Amino acid sequence: MAAARTRYALYYWPTIQGRGEFVRLALEEAGAPYDDIARQHGAGKGVPAMLALMKTARRAPFAPPFLRAGRSLVAQTASILQFLGPRLGLVPAGEAERLWAHQIQLTIADFLIEVHDTHHPIAVSLYYEDQRAEALRRTGHFLKERVPKHLGWLEQAVGTGRYALGARVSYVDLSVFQVVEGMRYAFPRTMKRMERKLPRLVAIHDRVAERPNVAAYLASPRRIAFNEMGIFRRYPELET
Ligand SMILES: N[C@@H](CCC(=O)N[C@@H](CS)C(=O)NCC(=O)O)C(=O)O
């Protein structure tokens, strides 16, 4: 496969895990060569380069993350993973399996919007501090109604095998890992309560964390720590 020699360029914000992390995890697990453009070239140069591409590229993306692979420029996290999956050996070969993987990833994307809206329920242009009352109200509903529904669905979606799509790891498993990590960071009390009901997600999380390439990545400076600029934020006052 010519694709095996491709050097990828990831375009994403340099100071957060965010949605870019789902792509980073796939590249890291596969040991694929890539440049994390905004991080490697610094916010002063890398971010302007990223924003410029959003203006000038043919079929310009709406928002990061996006990935350059040769002449292809792919945006939307789930589409990037759909594109990378076969190239990196991170999805099974069958059409039905690939559609299922994509469906799960799109549902995770929906969940991420809801996670984001807990701290930005009114407008992305406002600071969290300017929408705290609404954030509190929204998070209450999110934790009580949406987290059990989403994570309960994901728990059964990943099946009973070693990994979500069977014996071999796929990008879905890496995303499950990231969702569990993120939720533990943002809502530790809720997760402590809920994890009893999510044994398969926790098992996949643990298996992914132990994979050599992932473990090396997590221990490296390439893994940005969770913080209060990303999607998963810890505001203890929201988790009442
Ligand atoms: N559906 C897109 C969402 C992309 C997105 O919302 N990116 C954020 C960062 S995680 C962003 O920079 N958005 C800018 C904007 O919406 O104006 C995906 O899953 O990749």
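Just so you know, all these numbers are worked out from the coordinates, no wet-lab data involved. This one's a predicted model, so the numbers in the text were calculated from it and none came from an experiment. Counting neighbours? That spans all protein chains shown, and the Cβs are built from the backbone with ideal geometry, glycine included.
In table form, for the structure just shown:
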| item | result |
| --- | --- |
| Contour minus Cα-Cα distance for Ala43 and Thr240 (0.36 nm per residue) | 67.3 nm |
| Given charges at Cβ of Lys, Arg, Asp, Glu: the chain dipole, positive-most of His116, Gly166, Phe142 | Gly166 |
| Fewest-first sequence of Asp36, Asp117 by Cβ atoms within 10 Å of each Cβ | Asp117, Asp36 |
| Along principal axes, Cα extents of the stretch 171-240, largest first, whole Å | 37, 29, 17 |
| Computed over the stretch 1-134: relative contact order in percent, which uses C-alpha pairs under 8 Å that are six or more apart | 22 |
| Total charge dipole magnitude, the chain, about the Cα centre, Cβ charges on Lys, Arg, Asp, Glu only, Debye to nearest 20 | 400 |
| Rg/Rh (Cα only; Kirkwood hydrodynamic radius) as it applies to the stretch 7-52 | 0.96 |
| Formal net charge of residues neighbouring Arg234 (Cβ-Cβ distance under 13 Å; K, R +1; D, E -1) | -1 |
| Between the stretch 30-44 and the stretch 166-202, the alpha-carbon center distance in angstrom | 26 |
| Ranked list, fewest to most other Cβ atoms within 10 Å of each Cβ, for Thr56, Thr107, Thr77 | Thr56, Thr107, Thr77 |
| The chain - mean residue ellipticity at 222 nm from DSSP helices (-39,500 (n - 2.57) per run, n ≥ 4, rounded to 500) | -16500 deg cm²/dmol |
| Largest-first principal axis extents, alpha carbons of the chain, Å | 51, 44, 32 |
| D_trans [Stokes-Einstein, Kirkwood Rh over alpha-carbon pairs] for the stretch 115-223, 4 °C, 1.567 mPa s, µm² s⁻¹ | 85 |
| Antiparallel DSSP beta bridges within the chain, percent to nearest 5 | 75 |
| Dipole moment magnitude, nearest 20 debye, the stretch 126-181 about Cα centre, only Lys, Arg, Asp, Glu C-beta charged | 200 |
| Relative contact order computed over the chain (Cα-Cα under 8 Å; 6+ residues apart), in percent | 22 |
| Largest-first principal axis extents, alpha carbons of the stretch 45-141, Å | 47, 36, 19 |
| At 0.890 mPa s and 25 °C, Stokes D of the stretch 64-116 from Kirkwood alpha-carbon radius, µm² per second | 208 |
